[in-house]
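Enquirer: This structure is in structure tokens; I'll ask about it shortly.
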Amino acid sequence: MSNLKATLLAPDLGFSTNQVLPSVIGGATPTTSAMMLGSEILHCQLYLHHLLDRLLRQERLLAIRAPVGAVANDTLKEIQLLIDDARPTMGVVNTLQRIRVKYIDSEDCEEGEWRASASEILSALQNSIGRLSGSARIGVPAHFNKSYTEYFVQITANEPLVFETQLLVVPKNDRLNLRVLRIPQADIRPVDPEINWDSLINGASASAATGSAPRTKEPTDRELEWIKAEIKALPGYAKFEANRSKPLQNIDRVEHWRFAFNADKKFYKSNWPSDISTSKITKVPIQLALQIGSTMLAEAIQMIGIIDCYTTEGVHYSKEVVAQISKSDEKDPKATVPKGFLIQWEKDHPVTK
């Protein structure tokens, strides 16, 4: 007897997961199997609908908690999404989809670039004719090096949507490349209708049936208050804050990167005070305390890594790199773009071990 083809569809978010089921499941008749499948589809639909509603409410809370002066702009801007879907089951599919989303800000962006909400971009895509189907990991080219992919969300039928990056940088030509890749099968658990979705979304433990560990989202108010105070006490914080969102000369840009790098090095994976938490500090509270996104922090870490490699006395020491990062001539247009130079230098002068 031919197989039954089941489609899990969540109309509100637009995701569907196709899988082939045998005509008899556990000895049940096709009619019983269809009833079981219908129940599973309903749970999936309700869950994904709840996720989107929850995400929108979380964004409103983030807006309320935003620092003074960080006012979101409600201007709608068009983005051309260049979608590279490289999942094996789909073949390689390249599509273009135009969407409109709110302009958030241009903090820590290059000239002409701007930032938009990752969840709003995904929601707009899923409400368009070019919406995606099936499980996937979705990423964008890393801001510091386009050859790397920075994943910002993973889509499965039974997992909470956890956005690793809240804001995405849109290039000045308003064309954002989305890279869609498959999820390793080992990372996908079967749908369990008994999962406590509210607990999963809030980062608490899942039901005993899944055995899953909670996923960290945002720090508590006490954690955020503590790490903000600690980072503000670090040498150089006043200048770091004063130079936020400003066009910087190379020497100042390197100093800006250095502060973020040092903060990450000091606190990442270290222990919280015992009266605040028993866990270790993740990247998220560091980013919130610095008021930068994961892309900007990753850029700072990589750039300082390159700088330290080629400016430390030794076989790889380079006078050219030292001269480039020391520029402060406002008349030199190249004095504000050290990132491209450093990436190219590392490519042309690889470190040998």
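Every read-out reported here was derived from the displayed coordinates using simple, explicitly stated rules and does not represent laboratory data. These numbers were taken from a predicted model, which means no experiment stands behind them. Backbone-built Cβ (ideal geometry, glycine too); neighbour counts: all protein chains shown.
Enquirer: Among the listed pairs Lys77/Lys327; Lys228/Lys280; Lys232/Lys265; Lys228/Lys327; Lys280/Lys347, which are separated by more than 27 Å between their Cα atoms? Please report the intermediate quantities before stating the final value.
Expert: Numbers: Lys77/Lys327 35 Å; Lys228/Lys280 16 Å; Lys232/Lys265 15 Å; Lys228/Lys327 31 Å; Lys280/Lys347 35 Å.
Distance filter (> 27 Å) returns Lys77/Lys327; Lys228/Lys327; Lys280/Lys347.
Enquirer: What is the Cα centroid distance between region 217-233 and region 251-305, reported in whole angstrom?
Expert: Here the answer is 12 Å between Cα centres.
Enquirer: Separate question: Taking 7 Å along the Cα-to-C-beta vector as the label spot, tell me the Arg131-Ser318 distance in nanometres, rounded to one decimal.
Expert: 4.8
Enquirer: Net charge around Leu234, counting only other residues with Cβ within less than 12 Å of its Cβ (Lys, Arg = +1; Asp, Glu = -1)?
Expert: Net local charge, Leu234 excluded: +3.
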